[in-house]
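Down below is the structure, laid out as structure tokens.
The values are calculated or read from the model by the stated rules, or taken from the named source; none is laboratory data. Everything quoted here is computed from the prediction, not taken from an experiment. A quick note on method: Cβ atoms are made from the backbone with ideal geometry, for glycine too, and the neighbour counts reach across all protein chains shown.
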Amino acid sequence: MPHGAAKLIANGVLIEYWLERSQSVFTAVKGVDLEVHDGEFVAIVGPSGCGKTTFLNAVDGLLPIGAGSLKLDGREITKPGPDRAMVFQQPGLLPWRTVLGNVIFGVEAQRRMSRDEATLAAKQQIDLVGLSGFEDAYPGELSGGMQQRVNLARALLTDPQMLLLDEPFAALDAQTREMMQLELLKIWSKTKKTALFITHDIKEAIYLADRVIVFTKRPGRVKRTVQIDLDRPRDLRLKRDPAFLRYEDTIWESIQEELAGPAERLTLGVPA
């Protein structure tokens, strides 16, 4: 699938924390170089604690970078902005607000629309995520998958240039998770939003993405980029396709190299 010019460009990104308790510097990400192109769906995978979410938070402007450059549409990212929207693992819905009230919360805070405009646009997004008829329901009346649909609709309503997704389906049961992957692809195919998706699930990354970026163990950097040349639209049967399984083997081997100790690395044929 062809994509446009680079929308997000990271060059030599370094992200560090000062740990007060140990009086030391913790390096989470070091020397990350990557690009995400306009209209592209990119997934990042890697060992636990490799800095995937830290990097995503920096793209959202929630964390400063210590060195390098991180640009969106040619402008350095220094703070959160309406050109990005984050979908977190936990929906974070306000329990006293209805589905409609939660979806319009973001644009209300930004004061980008009148109440009537926001309500009309929110209903369109609610329909897009498959929740028509639930506008007046409260979060406590919804399943986990339905709550994440609300979370996604809230993010899309702000009409961001880039959608950032931090393991949004990790807390769901296996069956619901697969159905939400399918729904996300349907939504993405309609909106064509540039998407950066963080996940521990290799199958999920391959199924959703145009490219999968593998991070090394901490401090995270780009170890490998895998182009996913699988036709779209995709359905869940794709996960049994031999080409899909070859991608899974390739990505898992890259991660296993990072997880293995010296002896295991020699067994894998990788220099220790």
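Against the definition (assigned to a loop (DSSP other than H, G, I, E, B), crowded, with 19+ Cβ neighbours inside 10 Å and not acidic (Asp, Glu)), how does Arg232 come out, yes or no? Working first, answer last.
Numbers: assigned to a loop (DSSP other than H, G, I, E, B): yes; crowded, with 19+ Cβ neighbours inside 10 Å: no; not acidic (Asp, Glu): yes.
It is false that Arg232 is assigned to a loop (DSSP other than H, G, I, E, B), crowded, with 19+ Cβ neighbours inside 10 Å and not acidic (Asp, Glu).
Return the residues of segment 186-240 that are out of contact with any helix residue (DSSP H, G or I) (no Cβ under 8 Å at 6 or more places or on another chain) and within 19 Å of Asn57 (Cβ to Cβ); say none if nothing qualifies.
Thr194, His200, Ile213, Arg218, Pro219, Arg221, Val222
In the set Val59, Val45, which member is under 21 Å from Ile255 (Cα atoms) and either in contact with a Leu (Cβ under 8 Å, 6 or more places away or on another chain) or surrounded by 15 or more Cβ atoms within 10 Å (Cβ to Cβ) (or both)?
Residue meeting the stated conditions: Val45.
Which of the residues that make up segment 36-53 are closer than 19 Å to Asp210 by Cα and in contact with a Gly (Cβ under 7 Å, 6 or more places away or on another chain)? If you could, list the steps in order and put the result at the bottom.
Quick first cut of segment 36-53, residues closer than 19 Å to Asp210 by Cα only: 36-46, 52.
If the condition is that a residue be closer than 19 Å to Asp210 by Cα and in contact with a Gly (Cβ under 7 Å, 6 or more places away or on another chain), then His37, Asp38, Gly39, Gly46, Lys52 are the ones that fit.
What tally of residues in segment 29-52 results from selecting those that are in contact with an Asp or Glu (Cβ under 8 Å, 6 or more places away or on another chain), in a strand (DSSP E or B) and of a type outside the set (A, V, I, L, M, F, W, C)?
Number of matching residues: 0.
Scan segment 205-218 and tell me whether some residue there is at pLDDT below 95, in a loop (DSSP other than H, G, I, E, B) and under 23 Å from Met86 (Cβ atoms).
Yes: segment 205-218 contains one or more residues that are at pLDDT below 95, in a loop (DSSP other than H, G, I, E, B) and under 23 Å from Met86 (Cβ atoms).
Among the strands (runs of 3 or more DSSP E) contained in segment 57-168, which hold 3 or more residues that are not aliphatic (A, V, I, L, M)? Spell out how you get there, then give the answer.
Details: elements: 67-72, 84-87, 162-166.
By residue number, 67-72.
Only residues that are free of Cβ contacts under 8 Å to residues at least 24 places away in the same chain and either in contact with a His (Cβ under 6 Å, 6 or more places away or on another chain) or within 14 Å of Pro160 (Cα to Cα) (or both): list them for segment 75-106, please.
Those that are free of Cβ contacts under 8 Å to residues at least 24 places away in the same chain and either in contact with a His (Cβ under 6 Å, 6 or more places away or on another chain) or within 14 Å of Pro160 (Cα to Cα) (or both): Pro80, Gly81.
Just for segment 4-28: of the residues that are among the charged types (D, E, K, R) and in a strand (DSSP E or B), which one is surrounded by the fewest Cβ atoms within 10 Å (Cβ to Cβ)?
Only one residue tops the list, namely Glu16.
Would you confirm whether any residue within segment 90-98 is under 15 Å from the mean Cα position of the chain (by Cα), of a type outside the set (S, T, N, Q), modelled with pLDDT under 95 and farther than 16 Å from Gly12 by Cβ?
For segment 90-98, residues under 15 Å from the mean Cα position of the chain (by Cα), of a type outside the set (S, T, N, Q), modelled with pLDDT under 95 and farther than 16 Å from Gly12 by Cβ: present.
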